[in-house]
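Participant: Pasting in a structure now, in structure tokens, and then I'll have a few things to ask.
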Amino acid sequence: MDTRLTTVGAAMVLVAVLGIWLAFYRFGPAEDVSTLQRRSLTESAQAVGNLQYRLNDGGAVIRSYLEYIRSQLRRRYGSMARLDQPETLASRAGMNVDEVRTRLAEAHALADTAGLPREKTASSLRWLAEFQRRLSGIREEKAT
């Protein structure tokens, strides 16, 4: 009788170990994960365009894009670089300081405007996307 209990106990332990092994063991070689860390400018533009279409308010879209740039600045440079420091941002982006100052002030003003025309919204978003692209270190000339 003792050998039967020992055999049954050993079989149950073997089944439990096999069950656990089958549940948690990863079969085969590790899969090659090729997820991109960065989003492309096209994906960003599409997301902003969809947001504008849903909201039908260009000011809210510009406001959310400015917040996106703010979060990217915090992530990339820490709390040292802020949108209210156009001189620092212009040097990091390799752009004209006066243009950065003027366009950021315009974007902030447009962000607080309701019922913004689509042309103004699109123009501001194009510049902000280019600005963000250059802040992220991409300095290639735009394709024509």
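Participant: Pulled fully out, how much extra length does the chain show between residue 72 and residue 122, if you take 0.36 nm times their separation in residues and subtract their Cα-Cα distance?
Facilitator: Working: separation 50, 0.36 × 50 = 18.00 nm, distance 2.08 nm.
Working it through step by step, the gained length comes to 15.9 nm.
Participant: For 12, 95, what ranking results if the residue with the fewest other Cβ atoms within 10 Å of its Cβ goes first?
Facilitator: So the ranking, lowest neighbour count to highest, is 12, 95.
Participant: Can you tell me how much longer the chain between residue 102 and residue 81 gets when fully stretched, taken as 0.36 nm per residue apart minus their C-alpha distance, in nm with one decimal?
Facilitator: Details: separation 21, 0.36 × 21 = 7.56 nm, distance 1.76 nm.
Gain on stretching residue 102 to residue 81: 5.8 nm.
Participant: Starting at the first residue of the stretch 79-89, write each ³J(HN,Hα) from the Karplus equation 6.51 cos²θ - 1.76 cosθ + 1.60 with θ = phi - 60°, in whole Hz, x for Gly and Pro.
Facilitator: 7, 6, 9, 10, 5, 8, 10, x, 5, 5, 5
Participant: In addition: Hey, can you rank 125-131, 45-51, 113-119 by average C-beta count inside 10 Å, highest first?
Facilitator: Ranking, from highest mean packing down: 125-131, 45-51, 113-119.
Participant: Tell me whether the stretch 41-135 comes out rounded, prolate or oblate; compute the Cα gyration tensor, take square roots of the eigenvalues as a ≥ b ≥ c, and use a/c under 1.5 as the rounded threshold.
Facilitator: Prolate shape, in that a/c is at least 1.5 and a/b is the bigger ratio.
Participant: In debye, nearest 20: dipole of the stretch 41-135 around its Cα centre with unit charges on the Cβ of K, R (+) and D, E (-)?
Facilitator: Working: 15 positive and 11 negative charges, 68 e Å.
Approximately 320 debye in magnitude.
Participant: Return 102, 42, 88 ranked ascending by Cβ neighbour count within 10 Å, so the fewest neighbours appear first.
Facilitator: 42, 102, 88
Participant: Related question: Taking R0 as 25 Å, what's the FRET efficiency between residue 64 and residue 88 from their Cβ-Cβ distance, rounded to 0.05?
Facilitator: 0.65
Only the coordinates and a few stated rules stand behind these numbers; no lab work does. What you see is a predicted model, and the numbers here were worked out from it, not measured in a lab. Backbone-built Cβ (ideal geometry, glycine too); neighbour counts: all protein chains shown.
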